[in-house]
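One structure is given here, and the rest of the page talks about it.
The values are calculated or read from the model by the stated rules, or taken from the named source; none is laboratory data. As the structure is a computational prediction, the values presented were derived from the model and not from experiment. Cβ placement follows ideal geometry from the backbone for every residue including glycine, while neighbour counts extend to all protein chains displayed.
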Amino acid sequence: MPVVVSEPKNLNDVSFKQRAMDLIAKEQEELEELKRQKKSPFARFYQVNKDNSEYLRSCLKENPKALQVLFFIFDHMDKYNAVVCSYKVFQDALDMGQATVARSIKYLKEHGFLYVYKTGSSNVYVANKDLVWNSWGNNREYCEFPANIVLTASEQEERSKIKDKRITTIEVKD
């Protein structure tokens, strides 16, 4: 911060150059404060709200398979608590059957652990922000997309069966 011998009575008493330097210094201080707020010893983390962690314990007791699905979602969600994946991904990753995955997701929805939104034929799974958060605390008010999309190889068509087709697009200027 620049040293000022005497405080000017109004901003017009300060030269443009001095005012510009003061503004740059203030902006730099704000950036450094933001860096300090975001500094974490962990590269990958999510925050669990201690006030609601009892619900995780009850899920462990009542439906451990559902908790496995929930932690899979936690581990793959983006910074807005969302992930897009199919039942097949859950089945392959967690070694569960389709019915077990369906029951687990139903349990998690009914007990408020997550929300499920449809996007075409896919599901977007959003973890309850009052339970867990995957970003800085000041981002909690946002829940936007794009989401992390998790795919499984067993669900994809073989590359040899796919015929590449190039489509020419034309844009019309207004």
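Residue by residue, here is whether (1) in contact with a helix residue (DSSP H, G or I) (Cβ under 8 Å, 6 or more places away or on another chain); (2) surrounded by fewer than 17 Cβ atoms within 10 Å (Cβ to Cβ); (3) in a strand (DSSP E or B); (4) modelled with pLDDT of 95 or more holds:
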site	(1), (2), (3), (4)
L60	yes, yes, no, no
D75	no, yes, no, no
K88	yes, yes, no, no
T100	yes, no, no, yes
K106	no, yes, no, yes
Y115	yes, yes, yes, no
Conditions (1) loosely packed, with under 11 Cβ neighbours inside 10 Å; (2) assigned to a loop (DSSP other than H, G, I, E, B) -> K17 fails only (2)
Sole miss for Y80 among (1) within 19 Å of the chain's Cα centre (by Cα); (2) of a type in the set (F, W, Y); (3) under 21 Å from R57 (Cβ atoms) is condition (3)
Within region 20-39, of all residues that are in a helix (DSSP H, G or I), closer than 26 Å to K79 by Cβ and among the basic types (K, R), the one modelled with the highest pLDDT is K35
Looking at the structure I just gave you, is S154 modelled with pLDDT of 90 or more and either part of a helix (DSSP H, G or I) or not assigned by TED's automatic domain parsing to the domain that holds V84 (or both)? no
Across (1) of a type in the set (S, T, N, Q); (2) within 17 Å of N123 (Cα to Cα); (3) surrounded by 15 or more Cβ atoms within 10 Å (Cβ to Cβ); (4) out of contact with any strand residue (DSSP E or B) (no Cβ under 9 Å at 6 or more places or on another chain), N81 clears everything bar (4)
